Amino acid sequence: MSSDYEHNRCSHDADGAVESSTSRREVRSLIFHVLYVAESLDYSESVEEIINNLNQGFGLSLDPDGEIALTARAIIAEREQIDAIYQPLLQNWHLDRVSICTKLVLRYAIWELQNTATDPRIIINEAIELAKCFAEQDAYKFVNGILDQIVKRLHPDATTAAHTSE
């Protein structure tokens, strides 16, 4: 994360605290960052340690027991089961060919599809935005295709046409 992250992605008060008006997109981005650090450290540090380091390093005030931490912990705990959901959809691909950032976006979106009441179209659109920000150039198309197939299986009555504006 860079200093631009602090100023462009989060709303901060004068003390550097993340305000309660943080948007859902900003919360998703913060969760993604926690997941990325955990993955980069091969899950050797706890979510609490990661959040404490983010708070110290970037002047944030993330609650180690708040939504960001709880969601990150849940996704980390379920990562193998989540990966098993999308692996069969990787036609002519092996899991090791999927970038870390793309895997994390998929894990988060699939977890959200399974554990929240958020409209699947919103989840897909937000996953596309995360992929555009953090994954390789065209990964958002891959993410959209995989998640669309998953939504059709998990929510057969949902209309999933995500908007992939560039």
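The values are calculated or read from the model by the stated rules, or taken from the named source; none is laboratory data. Keep in mind it's a predicted model, so treat the numbers as computed, not measured. We place every Cβ from the backbone using ideal geometry, glycine too, and count neighbours over all the protein chains shown.
Mind checking whether some residue in the stretch 59-67 is part of a helix (DSSP H, G or I) and either without any contact (Cβ under 8 Å) to a residue 60 or more places away in the chain or farther than 18 Å from residue 34 by Cβ (or both)? Checking the stretch 59-67: at least one residue is part of a helix (DSSP H, G or I) and either without any contact (Cβ under 8 Å) to a residue 60 or more places away in the chain or farther than 18 Å from residue 34 by Cβ (or both).
Listed here are the residues, each with its yes/no results for (1) surrounded by 14 or more Cβ atoms within 10 Å (Cβ to Cβ); (2) at pLDDT 95 or above; (3) part of a helix (DSSP H, G or I).
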{"position": "29", "(1), (2), (3)": "yes, yes, yes"}
{"position": "39", "(1), (2), (3)": "yes, yes, yes"}
{"position": "45", "(1), (2), (3)": "yes, yes, no"}
{"position": "57", "(1), (2), (3)": "no, yes, yes"}
{"position": "76", "(1), (2), (3)": "yes, yes, yes"}
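The residue that is surrounded by the fewest Cβ atoms within 10 Å (Cβ to Cβ), counting only those in the stretch 121-156 that are polar (S, T, N, Q) and touching a helix residue (DSSP H, G or I) at 6+ places or on another chain (Cβ under 8 Å), is 149.
Do the conditions hold for residue 92, that is, is it closer than 16 Å to residue 147 by Cβ, in the same structural domain as residue 142 (by TED's automatic domain parsing) and polar (S, T, N, Q)? Spelling it out, it is not the case that residue 92 is closer than 16 Å to residue 147 by Cβ, in the same structural domain as residue 142 (by TED's automatic domain parsing) and polar (S, T, N, Q).
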